[in-house]
Every structure is written in structure tokens, then in C-alpha cells.
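*Asks:* Right, I'll just put the structure down here and ask away after.
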Amino acid sequence: MLRFPMHHVQQPRSESLNKYQLSSLVTAWLTRHTPALQIFHNVPDGSTLMAPDERYRSILLFGPPGVGKGTQGGILATIPGFFHLSVGDVFRAIDIGSENGKEVYGYISRGELVPDELTIQIWKKAVDAYIALSRYKPREDLLILDGMPRNVEQVEIVREHLHISSVIYLECSDQEDMVHRIRRRAIRENRADDANEDVIRTRFKVYENVTAPVLKQFDASMVHRVDANGSPAEVLYSILESVIPAQNELFAANREAE
Ligand code: ADP
């Protein structure tokens, strides 16, 4: 019989778990309950099958490493009606001793992208787990997706699953400033990929060559450019300009359906 860990399901969203503890909780739960999740969704591969018109309503957080996507995503996550999911956080929470964990760690520690198939597989499982735990409620919440798509191929894949309202492009002209932020983050968040200068430079090259072209895949009217050099509150203010209308639309759609 399928048993849900009710103590997890009933946890209020404002509890004091930090994002790493929460990601670890989901990953640990996933590892133990993947077969159960497959039963829950009644599909053979454990993925959430959603009709094309039931894609998750989403906003993409886009920009180079260290620009503040995680910081802003974390702030938005404290507002009811937003669910922030960072693909990088999901990867970092995987048990490094597992087969997937070893493979993922190899790519991350070199500053390379994790291959698309593995990325999508892990991402879908994480989304399913957050839904099963009622942390993410697709009908009520706007998904703030941070770190995906990261190449042109991933654009098509995410479009199958997401109804994207806008792409928030955090811009910062000063690469040295971002490198500085990454170095500080290495200490604060104990991130191996942030500690090594060569790995940091590789990530910027990957961003310029492979990730930046993603922006051209979206209609310019969907892309909301935000100057990431400002204070966190100022950057948030600008992000909210495009996030509030999307949330209002979701609220209105839900009211109509009730
Ligand atoms: P940053 O905040 O520096 O942009 P992230 O935490 O988003 O870094 O990602 C860390 C690492 O995780 C990336 O350097 C990459 O190796 C891997 N990664 C994250 N998202 C993706 C993705 N969508 N596809 C492939 N690899 C990814």
C-alpha cells in the first residue's frame, strides 16, 4: 500500500528548514519512494504526465553564474503562491555515493553541464516529489524555475512541461563582480564548484557559448531584463513587475474555476 509520510505533508511552508535541508529531504524521500511515486502517478517511468494544456505555469530565472538567481528565487519563495526550484540545488542534494550522484558530481565539479537526459529525469522526479509532498501545488503556485533551460535543446523539453509566462533575465556587465560573489558563496554554502577559479571560468564560458543563446529562443516580448547590480530589494522590485501580472492571471483563472 502507498503510504505518505504525513509528518512531511503537513509541514507548514514557513518552517525553518533551509533550502539544502529541504532538497535533501525530498531527495531522500525520492530515493525511498520512487516506486511508490510511480504507482501514485500511474505511469511507468515515474514522470508526471500532464496534458499539454495542463503544463505548469512558470517563470524562468535566467542569467550567468553568480548573478543572484538563487537569492531572488529564495526571496520569491517566501511569498505565498510561488514555488522556487533551483536545478543546481536539486543536483547538489543528490547522494554523492549513488550512481546518479557520482555522475552528476563529476559534471558539476568540472563546471560542465549535466547531460540533458539525466537532467530532465532528475528534474522531473524532483518536481513529482515536491508535488507529492504538497510543497508545490501546480494549480495554486507559480513555478519559479532557476537554472533551466541551460541550452537550446532544453528549451523544447521544458516547453513540453511548462507554460512559460516570462523569462527574467538578470543582467550584470561586470564578470569580476560575479566571480567575487561566487567566491563568497563558496564559503557560505560550501560549494565545491565555487571554490576553484578554473571551474568558475569554465562555467562562464559554458554560459556564454551554450546558455546565453537560449534567450533568442524566446520572443523578445517575453524577456524581462533586470539590472542585477542593484541592491537585493531593488532587483526584487524589478522582478516583481513581471511576476505580479503572472500571479494575478493565475489567481483569476483559479477563481473562475471555483
Ligand atoms: P549558478 O548559480 O552558478 O548558475 P547552479 O546552481 O544553477 O549554478 O548550477 C550548478 C551546476 O549544476 C551547473 O554548473 C551545472 O553543472 C549543473 N546544472 C544546473 N542546471 C543545469 C541544467 N539545466 N542542465 C545541465 N546542468 C545543469
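Just so it is clear, none of the values below were taken in a lab; they were calculated from the coordinates. Just so it is clear, the structure is predicted and the values come from calculations on it, not from any experiment. Cβ coordinates were reconstructed from backbone atoms using ideal geometry, including for glycine residues, and neighbour counts include every protein chain displayed.
*Asks:* Note down, for region 54-171, the three equivalent ellipsoid semi-axes (square root of 5 times each alpha carbon gyration tensor eigenvalue), biggest first, whole angstrom.
*Replies:* Output for region 54-171: semi-axes of 22, 17, 14 Å.
*Asks:* Taking 20 °C and 1.002 mPa s as the conditions, I'd like the Stokes-Einstein D for region 18-257 in µm²/s, using the Kirkwood hydrodynamic radius from alpha carbon pairs.
*Replies:* Translational diffusion coefficient: 116 µm²/s.
*Asks:* Can you list the HN-Hα couplings for region 145-154, worked out from phi with the Karplus curve (6.51, -1.76, 1.60; θ = phi - 60°), rounded to whole Hz and with x for Gly and Pro?
*Replies:* 8, 10, x, 8, x, 10, 8, 5, 4, 5
*Asks:* Read phi for every residue in region 130-143 and hand back ³J(HN,Hα) as whole Hz from Karplus 6.51 cos²θ - 1.76 cosθ + 1.60, θ = phi - 60°, with x for Gly and Pro.
*Replies:* 5, 5, 4, 8, 6, 7, 10, 10, x, 5, 9, 9, 8, 7
*Asks:* Sort 149-156, 70-77 by the packing proxy (mean of other Cβ within 10 Å over each peptide's residues), most packed first.
*Replies:* By packing density, highest mean first, the sequence is 70-77, 149-156.
*Asks:* Shifting gears a bit: If the cut-off is 20 Å between C-alpha atoms, which lysines fall inside it for K124, apart from same-chain ones fewer than 8 positions away?
*Replies:* Reachable lysines: K19, K102, K137.
*Asks:* Could you name the aspartates and glutamates whose alpha carbon sits less than 17 Å from that of K216, not counting residues in the same chain fewer than 8 places away?
*Replies:* Leaving aside aspartates and glutamates fewer than 8 places away in the same chain, those within reach of K216 are E153, E156, E171, E208.
*Asks:* Using packing as a proxy for protection, rank 132-141, 174-183 so that the peptide with the highest average count of other Cβ atoms within 10 Å comes first.
*Replies:* 132-141, 174-183
*Asks:* Full extension from D116 to E160: what is 0.36 nm times the residue separation minus their Cα-Cα distance, to one decimal in nm?
*Replies:* 14.4 nm
*Asks:* Region 145-214: D in µm²/s via Stokes-Einstein (Kirkwood Rh, Cα pairs, 10 °C, 1.306 mPa s)?
*Replies:* In µm²/s, the coefficient is 116.
*Asks:* Give me, ordered by chain and number, the residues 5 or more places off R225 or on other chains with an amide H under 5 Å from its own placed amide H.
*Replies:* Amide H neighbours of R225, under 5 Å, 5+ apart: Y169.
*Asks:* Let me check I've understood the local charge: for S165, count other residues with C-beta under 14 angstrom from its C-beta, Lys and Arg +1, Asp and Glu -1. What total comes out?
*Replies:* Computed value for this residue: -1.
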